Amino acid sequence: MPIAAVIGAQWGDEGKGKVVDYYASFAHVVVRFNGGANAGHTIVHKGKKFKFHHLPSGSLYPNKINVIGNGVVIDPKKLIEEIRQLQASNIHPNLVISPRAHIVLPYHFALDGAEEELKGGLAAGTTKRGIGPCYSDKANRIGIRMGDLLSKDVFRKKLHLLHQIKTKTLQHVYGKDFQYSEEQIYEEYCGYASLLAAYVADPVLLLQKTISSKKNILLEGAQGTMLDIDHGLYPFGTSSNTSVGGACTGAGIAPSRITHTIGVVKVYSSRVGGGPLPTEIFGKDADFIREKGKEYGTTTGRPRRIGWLDLVTLRYAAAINGFSGLAFTRVDTLSGLGKIKVCTHYLLDGKKLLFPPASYWDFEACKPVYKEFEGWTDLGQKGWSAVAKKGFRLLPQQAKKYLRFISESIGVPIYFVGVGESREDAIVLKEVFKRK
Ligand code: IMP
């Protein structure tokens, strides 16, 4: 009865989609448990690129059950687009949407923009997908859930309250006129409800049955640990628990049930949005990595900030999540550089720090201390694919040295090494599910 969670170990965009896509092939049920349309997973399947914002990565497999858990905030319009994108390729996902998942409404988009404008230097540089305002309403118990949307009376009643609160807030606090009437939103969202109703069912019972019948469950995280609302770089992160605790609450799975927690580590750092990033680099190495790795946001298209790998935040992520294994991604992207650096610790006021400080202003003042490695040559697409077939042993010597150093420093074994875009370009050192 293995249950594996795949968690971003850095700032999001670690390449979790590829890792989830691999392990999902042996799972019966795949559950997305946090975030919303702020996330973007790109999966290359049979030479075709699929961009998912809400859909679990298992959606490409015809025989899996894919759950959107209660911890997700759903933009129904976007979700319908994603389902249609698959249907256009003749893929019909077996999808279950939790009635407890909250709905992103037009007020949330408007507030996301207005709040960010006012925050100035404290703005997180959000994806403008209404994520923060939607989770705020959830915590404030005025949110509208998927289940509410299916009951016209309940939806009308809750929408009426929300409309008053939000239009007043937008107008009187932010000086913004809100363009939608309550009736327009009601009609539009009733339309979405009718399209999504067939997928809405309580997944908790389904998950319990899956556990009882000793089948495999994969819990798919969005974003990364450093964006976690509690453990990330507050206030520059997102509004959900991106770490493994979020998998328990956002899916309805007890912590004691999780048998493997896989931390996905891109072999360098990238970040979209504001806030300090101690290992950030600029100039030719940053440009080289950004262009080679196509490091532009899947959701927003923004160029990502680039940095060397940071063992301080990774050590913290490993502690918070209790990683049982590391999945490295983008070893091919980092090839072709003369020297590669890894931050082993920070100095803050002359003091050595192995874990990040809790406050962003201390984090900003941290000076990274690096260990330097020789780079490795780019083997080209064919060369990397050949390595993927032959295994870890055939990776370039310097790459092996680099990956082993990270794994040993953190004290977590290597489960997976990604060396290219497609599903096949991966070296799997540890299976978490039995192959059927
Ligand atoms: P929000 O989640 O849109 O509210 O954005 C909050 C912060 O998290 C911003 O700095 C975003 O750039 C960042 N963020 C949100 N989702 C992702 C993601 O999927 N990958 C990387 N960064 C993200």
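The values are calculated or read from the model by the stated rules, or taken from the named source; none is laboratory data. Everything numeric in this text was worked out from a predicted model, so none of it was measured. Ideal geometry is used to build each Cβ from the backbone, glycine not excepted, and the neighbour counts take in all protein chains shown. All accessible areas refer to the heavy atoms of the entire protein, side chains included, with ligands and DNA or RNA removed. Shrake-Rupley method; radii C 1.70, N 1.55, O 1.52, S 1.80 Å.
Worth pointing out:
- Of the criteria (1) without any contact (Cβ under 8 Å) to a residue 40 or more places away in the chain; (2) of a type outside the set (S, T, N, Q); (3) open to solvent by less than 40 Å² (accessible area, probe 1.4 Å), which one residue 170 fails: (1)
- Residue list for the range 279-294, filter: in contact with a Pro (Cβ under 8 Å, 6 or more places away or on another chain) and open to solvent by less than 20 Å² (accessible area, probe 1.4 Å): 279
- Whether a residue is open to solvent by 30 Å² or more (accessible area, probe 1.4 Å), within 14 Å of the ligand (Cβ to nearest atom), closer than 20 Å to residue 274 by Cβ and of a type outside the set (D, E, K, R) was assessed, and residue 125 does not pass this test.
- Unique residue being away from the ligand (no atom under 11 Å from the Cβ), more than 13 Å from the chain's Cα centre (by Cα) and open to solvent by less than 20 Å² (accessible area, probe 1.4 Å) when the list is 218, 233: 218
- From 78, 16, residue being under 18 Å from the mean Cα position of the chain (by Cα) and touching a residue at least 60 places away in the same chain (Cβ under 8 Å): 16
- Checking 148, 177, 228 one by one, the residue that is over 16 Å from residue 111 (Cα atoms), open to solvent by 10 Å² or more (accessible area, probe 1.4 Å) and charged (D, E, K, R) is 148 and no other.
- Meeting the requirement of 2 or more residues that are in contact (Cβ under 8 Å) with a residue 40 or more places away in the chain and over 25 Å from the mean Cα position of the chain (by Cα), the helices (runs of 4 or more DSSP H) wholly within the range 343-433 are 380-390, 397-410.
- Single unsatisfied condition, residue 434 versus (1) modelled with pLDDT of 95 or more; (2) surrounded by fewer than 15 Cβ atoms within 10 Å (Cβ to Cβ): (1)
- Checklist (1) among the charged types (D, E, K, R); (2) at pLDDT 95 or above; (3) away from the ligand (no atom under 16 Å from the Cβ) applied to residue 137, failing item: (3)
- Exactly one residue out of 49, 77 is at pLDDT 95 or above and surrounded by fewer than 17 Cβ atoms within 10 Å (Cβ to Cβ), and it is 77.
- The criterion of being assigned by TED's automatic domain parsing to the domain that holds residue 164, open to solvent by 10 Å² or more (accessible area, probe 1.4 Å) and aliphatic (A, V, I, L, M) does not hold for residue 88.
- Qualifying residue in the range 266-289 (condition: within 14 Å of the ligand (Cβ to nearest atom), acidic (Asp, Glu) and over 26 Å from residue 352 (Cβ atoms)): no
- A Cβ distance below 9 Å, combined with a sequence gap of six or more or placement on separate chains, defines the contacts here; from the range 192-210, residues that are under 26 Å from residue 77 (Cβ atoms) reach residues that are open to solvent by less than 30 Å² (accessible area, probe 1.4 Å) and of a type in the set (Ser, Thr, Tyr) in the pairs 200/98; 201/98; 202/98; 203/98.
- Residue check for residue 93: over 25 Å from residue 304 (Cα atoms), modelled with pLDDT under 95 and open to solvent by less than 30 Å² (accessible area, probe 1.4 Å): yes
- Of all residues in the range 236-278, those satisfying the criterion of being aliphatic (A, V, I, L, M) and open to solvent by 20 Å² or more (accessible area, probe 1.4 Å) are 244, 254, 258, 272.
- Listed here are the strands (runs of 3 or more DSSP E) enclosed by the range 1-99 that have at least 1 residues being within 15 Å of the ligand (Cβ to nearest atom): 3-8, 29-32, 41-45, 48-52.
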